[in-house]
Amino acid sequence: MPFSGVDYFALDELLTDDERMVRDTFRRFVDEQVMPTIGRHFRDGTFPKDLPKKLGALGALGASLEGYGCAGLGANAYGLIMQELERGDSGIRSFASVQGSLVMYPIHAYGSDAQKDRWLPRMAKGEAIGCFGLTEPDFGSNPSGMRCSAKKVGDRWVLNGEKRWITSGGLSDVAIVWARTDDAERSVRGFLVDRGTPGFSVRDIEGKFSLRASVTSELILEDCAIPLDAVLPGVSGLKGPLSCLNQARFGISWGAIGAALACYDEALRYTKDRVQFSKPLAGYQLVQLKLVDMLEEITKAQLLAWRLGRLKETHKLRPQQVSMAKRNNVRMALEIARNARDLLGANGITDEYQSGRHMCNLESVFTYEGTDHIHTLIIGQDITGLAAFE
Ligand code: TGC
Ligand code: FAD
């Protein structure tokens with residue numbers, strides 16, 4: 001059955017006609033192209049490889065960037081795309097987030113003309129795929145400790161180190177690898193490493209409970225020599241990768257709502273239908289309490305995300321506000337997914353229903369792009385002026 005949305009506070013009235021059109025296009029896309037196969041992909045641990053080009057054709061990749069075949073959409077239109085994709089599966093939204101916010105965005109913002117011309121048009125069409133390598137086995141929340149190094153040797157940069165937990169690694173034509181230069185500056189720089197470069201290998205991570213319809217990989221760099229012009233010239237320092245995270249965290253704030261909508265919708269339908277004792281489950285007070293809590297939290301999250309987008313569009317958005325939206329909306333979605341799974345009883349643990357899949361996925365979303373703790377500390381520092389990271 002097509003998904004018809006959840007809008008208790010008539011928030012559609014806050015959207016422009018274009019935003020509603022974009023949302024409805026991706027709502028149909030997810031119903032027709034994602035829902036029929038996503039359960040099987042999750043079960044098999046495979047990424048739906050037909051999707052990148054279809055997403056590209058609809059303008060979902062790098063949707064908020066200008067030029068190079070990108071759609072140039074406003075922030076909330078972009079957010080609505082992320083919402084609809086994550087209503088399908090967090091892994092599909094992850095793919096689009098990484099491609100657009102973590103790979104195309106830094107190339108667009110910090111790349112040379114040659115780098116932009118080479119990668120952006122094909123990435124916008126989904127013909128080339130990228131990944132973003134910041135996290136290392138020993139440096140997740142604290143990327144400033146990274147060991148991955150880049151040394152200038154003659155007319156080459158030589159990269160050494162390891163990146164772990166990299167979304168789309170095994171699918172990628174190019175990886176943006178963040179590494180510290182081995183010179184007096186010891187600055188963090190972004191390097192474009194092509195698939196197949198000698199000394200660069202990729203291993204997919206197996207055995208995941210979560211994001212099973214997404215590829216998550218290790219990147220290994222062993223004396224990997226790349227041209228001097230493979231560095232992103234426009235940025236140096238940790239603010240380079242962290243500025244990309246602002247874009248991706250914005251998308252997650254919207255995306256998590258999508259997962260919550262899917263779970264709430266499923267729990268509502270199921271409890272209205274399933275009779276225990278004398279009436280449908282939805283007729284019991286304890287069940288109604290859970291359903292009402294879900295709807296209320298979704299409504300608050302929708303308002304937060306909408307406002308976040310308007311702040312972004314008017315260039316007033318601060319990274320700490322993105323942290324609050326990511327933290328709140330992912331917490332909200334995870335709680336709703338757990339409660340929906342509960343209301344489905346034993347059926348909730350099978351992949352015949354969606355809530356269990358969303359629940360498992362959201363455990364990753366809670367952790368990546370800054371854990372819940374890290375966003376708490378970012379906001380804590382903002383309001384107290386005191387850093388509590390160390
Ligand atoms: P700190 O000393 O605070 O800052 C270093 C430099 O960066 C600047 N900066 C930012 N710039 C832009 N946006 C932000 N959000 C920024 N935050 C900080 C800062 O002004 C400074 O610039 P400058 O010019 O003075 O040098 O950095 P720190 O080392 O103390 O770290 C702060 C902390 C802990 C908040 C940061 O490291 C952090 O956010 N850690 C979390 C790591 C993380 O989120 N990793 C995500 C990896 S990618 C991923 O998970 C993809 S998931 C796939 C998917 O999306 O689907
Ligand atoms: P840790 O940093 O070791 O944290 C473990 C626990 O300790 C968490 O609860 C954390 O909140 C807590 N903690 C850490 N420091 C503090 C502190 N100072 N105070 C209080 N608590 C603290 N990374 C990329 O670069 N690119 C990707 O594409 C990418 N994709 C991912 C896809 C998936 C499916 C997953 C699961 C992760 C992905 N990541 C990616 C990595 C992700 O960003 C990291 O997992 C995340 O930043 C946390 O790092 P960690 O796993 O090393 O946990």
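Kindly provide the set of residues from region 203-231 that are under 22 Å from residue 173 (Cβ atoms), within 16 Å of ligand 1 (Cβ to nearest atom) and open to solvent by less than 60 Å² (accessible area, probe 1.4 Å), ordered by number.
We begin by selecting, within region 203-231, every residue under 22 Å from residue 173 (Cβ atoms); these are 203-205, 211, 213-231.
Still in the list and also within 16 Å of ligand 1 (Cβ to nearest atom): 204-205, 211, 213-219.
Answer for region 203-231, where residues must be under 22 Å from residue 173 (Cβ atoms), within 16 Å of ligand 1 (Cβ to nearest atom) and open to solvent by less than 60 Å² (accessible area, probe 1.4 Å): 205, 211, 213, 214, 215, 216, 217, 218, 219.
Can you go through 349, 379, 336, 374 and tell me which one is within 19 Å of residue 266 (Cα to Cα), surrounded by fewer than 19 Cβ atoms within 10 Å (Cβ to Cβ) and among the aliphatic types (A, V, I, L, M)?
Details: 379 fails: within 19 Å of residue 266 (Cα to Cα); 336 fails: surrounded by fewer than 19 Cβ atoms within 10 Å (Cβ to Cβ); 374 fails: within 19 Å of residue 266 (Cα to Cα).
Exactly one of 349, 379, 336, 374 is within 19 Å of residue 266 (Cα to Cα), surrounded by fewer than 19 Cβ atoms within 10 Å (Cβ to Cβ) and among the aliphatic types (A, V, I, L, M), namely 349.
Is it the case that some residue within region 252-262 is away from ligand 1 (no atom under 16 Å from the Cβ) and without any contact (Cβ under 8 Å) to a residue 12 or more places away in the chain? Break it down into steps so the answer makes sense when it comes.
Here is the first cut: in region 252-262, the residues away from ligand 1 (no atom under 16 Å from the Cβ) are 260-262.
Narrowing further to those that are without any contact (Cβ under 8 Å) to a residue 12 or more places away in the chain: none.
No.
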Checklist entry - So which residues in region 45-63 are open to solvent by 50 Å² or more (accessible area, probe 1.4 Å), part of a loop (DSSP other than H, G, I, E, B) and of a type outside the set (Val, Ile, Thr)? => result 49, 50, 58
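Of all residues being surrounded by fewer than 19 Cβ atoms within 10 Å (Cβ to Cβ) and in contact (Cβ under 8 Å) with a residue 12 or more places away in the chain in region 184-193, which is nearest to the chain's Cα centre (by Cα)? Just the residue, please.
Here is the first cut: in region 184-193, the residues surrounded by fewer than 19 Cβ atoms within 10 Å (Cβ to Cβ) are 184-187.
Applying the additional criterion that residues be in contact (Cβ under 8 Å) with a residue 12 or more places away in the chain yields 185, 187.
Numbers: 185: 32, 187: 27 Å.
Going through the qualifying residues, I end up with 187.
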Checklist entry - Just checking, how many residues over region 144-183 are open to solvent by 40 Å² or more (accessible area, probe 1.4 Å), out of contact with any helix residue (DSSP H, G or I) (no Cβ under 8 Å at 6 or more places or on another chain) and more than 21 Å from residue 46 (Cα to Cα)? => result 10
Checklist entry - In region 194-211, what residues are basic (Lys, Arg) and either free of Cβ contacts under 8 Å to residues at least 12 places away in the same chain or touching a helix residue (DSSP H, G or I) at 6+ places or on another chain (Cβ under 9 Å) (or both)? => result 203, 208
Checklist entry - When you go through (1) within 16 Å of ligand 1 (Cβ to nearest atom); (2) within 14 Å of residue 209 (Cβ to Cβ) one by one for residue 372, which number turns out not to apply? => result (2)
Item to check | All positions within region 232-254 that are touching a Gly at 6+ places or on another chain (Cβ under 8 Å) and open to solvent by less than 20 Å² (accessible area, probe 1.4 Å) | outcome: 232, 235, 240, 241, 245, 250, 251, 253, 254
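Please indicate, with yes or no, whether at least one residue in region 299-317 is among the hydroxyl-bearing types (Ser, Thr, Tyr), in a helix (DSSP H, G or I) and buried (at least 22 other Cβ atoms within 10 Å of the Cβ).
Applying the first criterion (among the hydroxyl-bearing types (Ser, Thr, Tyr)) to region 299-317 yields 299, 314.
Those left that are additionally in a helix (DSSP H, G or I): 299.
Filter once more, so that each one left must be buried (at least 22 other Cβ atoms within 10 Å of the Cβ): none.
No: zero hits.
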Item to check | Test: residue 278 is in contact with a Cys (Cβ under 8 Å, 6 or more places away or on another chain) and among the hydroxyl-bearing types (Ser, Thr, Tyr) | outcome: no
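The values are calculated or read from the model by the stated rules, or taken from the named source; none is laboratory data. Just so it is clear, the model here is predicted, and its values are computed rather than measured. Every residue, glycine as well, gets a Cβ built from its backbone with ideal geometry; the counts of neighbours run over all protein chains shown. Ligands, DNA and RNA are excluded from the accessible area calculation, which covers all protein heavy atoms including side chains. Shrake-Rupley method; radii C 1.70, N 1.55, O 1.52, S 1.80 Å.
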